[in-house]
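Quick notes on the structure that follows.
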Amino acid sequence: MKYTYLLAILCISWTSLSQIPAGKSVISSLHIFDVKTKKSTEILKEHRHFEAPNWSVDGSHLLINSLGLLEKISPSGVKLGQLPTGTIQKCNNDHGYSFDGKTLYISSSDPSSGISGSLIFKVDSQGGQPQRLTNQGPSYWHGISPDGKTMVYCAERNKNFDIYAMDTQGGQEIRLTTEEGLDDGPEYSPDGKFIYFNSYRTGKMQIWRMHPDGSNAEQLTFDDYSTWFAHIRPNGKEAVVISYLEDQKQSHPFGHQVKLRLLNLKNKKIQDLTEAFYGGQGSINVPSWSPDGSKFAYVRYELEDKKP
């Protein structure tokens, strides 16, 4: 895998920050999009860099990451404090809750482990000392089965990024994809029948799905955008995806023109939800639907000149 791609796939906050032009700093704004009204509401805007909102299963808060730590934000934009993660203090933006809301899965490096790159951990949804699940890095969590027994993730093994599965109690990892090029962003459908993911196997980043054992891969999008991260609506009928207006090959960089779209999972029709905005890495990497499926959260960015 080329170094330029490896730089882009590293989803930690400081990697995104390294892509910021010299002399500039970031303004991040957290938005909630209402699918019925097609309106986006800004609930938090700060002169700092934060990423990747999840929506808690009980609807009480959104979870974002910034500089290796996880923070809770109310749906109205009130900051509710950090979610404690013990000695794991380098969390990146690949995190999310189990379907029952009891467990939080996080991705983070852990210098004390002696293992290079991001690893996957689980912790009580209220926080605590995380338990490490993966023994190889880099590994980036993206999805959990509805029964809570299996997690799926993107990992680089033998210089190729593929999708893997593992029992949530730990154990041997199972490789689900074997195509050349990047497979990323795996996420279960609410009924557990499919894993949705994005793949570069055709030479263009598109959305695919497969059975949980990795069989019967099917392409769902076919346009000229670079499209990533199918986040499945709780009704199981649609997915919100993020599309780069310009082809990014196998990269998912920060700071490009993107838009969010709604993909019909039955007829494969796709419609724009937002206008183009400045975003990309960090905007909507992980599941962010509200529990009732009426809204989802995402992040927009701006650049400003650094003050002398």
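Among the residues of the stretch 56-79, write down those that are part of a strand (DSSP E or B) and either more than 17 Å from the chain's Cα centre (by Cα) or polar (S, T, N, Q) (or both). Correct list: 65, 66, 73, 79. Residue selection: residue 258 fails the criterion of being closer than 21 Å to residue 153 by Cβ, free of Cβ contacts under 8 Å to residues at least 60 places away in the same chain, open to solvent by less than 10 Å² (accessible area, probe 1.4 Å) and assigned to a strand (DSSP E or B). Of all residues in the stretch 253-308, those satisfying the criterion of being acidic (Asp, Glu) and either in contact with a Cys (Cβ under 7 Å, 6 or more places away or on another chain) or at pLDDT below 95 (or both) are 304, 305. Given the conditions (1) closer than 20 Å to residue 68 by Cβ; (2) crowded, with 17+ Cβ neighbours inside 10 Å, which single one is not true for residue 127? Looking at each condition in turn, residue 127 falls short on (2). Condition test on residue 86, is it more than 16 Å from the chain's Cα centre (by Cα) and either assigned to a strand (DSSP E or B) or in contact (Cβ under 8 Å) with a residue 12 or more places away in the chain (or both)? Spelling it out, residue 86 is indeed more than 16 Å from the chain's Cα centre (by Cα) and either assigned to a strand (DSSP E or B) or in contact (Cβ under 8 Å) with a residue 12 or more places away in the chain (or both). Among residues of the stretch 282-303 that are under 13 Å from residue 32 (Cβ atoms) and open to solvent by less than 10 Å² (accessible area, probe 1.4 Å), those with a Cβ under 6 angstrom from a residue that is of a type in the set (Ser, Thr, Tyr) and in a strand (DSSP E or B), sequence gap 6+ or separate chain, pair up as 284/298; 299/28. Here residue 104 clears all of (1) part of a loop (DSSP other than H, G, I, E, B); (2) more than 18 Å from residue 174 (Cα to Cα); (3) touching a Lys or Arg at 6+ places or on another chain (Cβ under 9 Å) except the condition numbered (1).
The values are calculated or read from the model by the stated rules, or taken from the named source; none is laboratory data. In this text, all values refer to a predicted model and were calculated from it rather than measured experimentally. Don't worry about glycine lacking a Cβ; one is built from the backbone with ideal geometry, like all the others, and counts go over all protein chains shown. Side chains included, ligands, DNA and RNA excluded: accessible areas come from the protein's heavy atoms. Shrake-Rupley method; radii C 1.70, N 1.55, O 1.52, S 1.80 Å.
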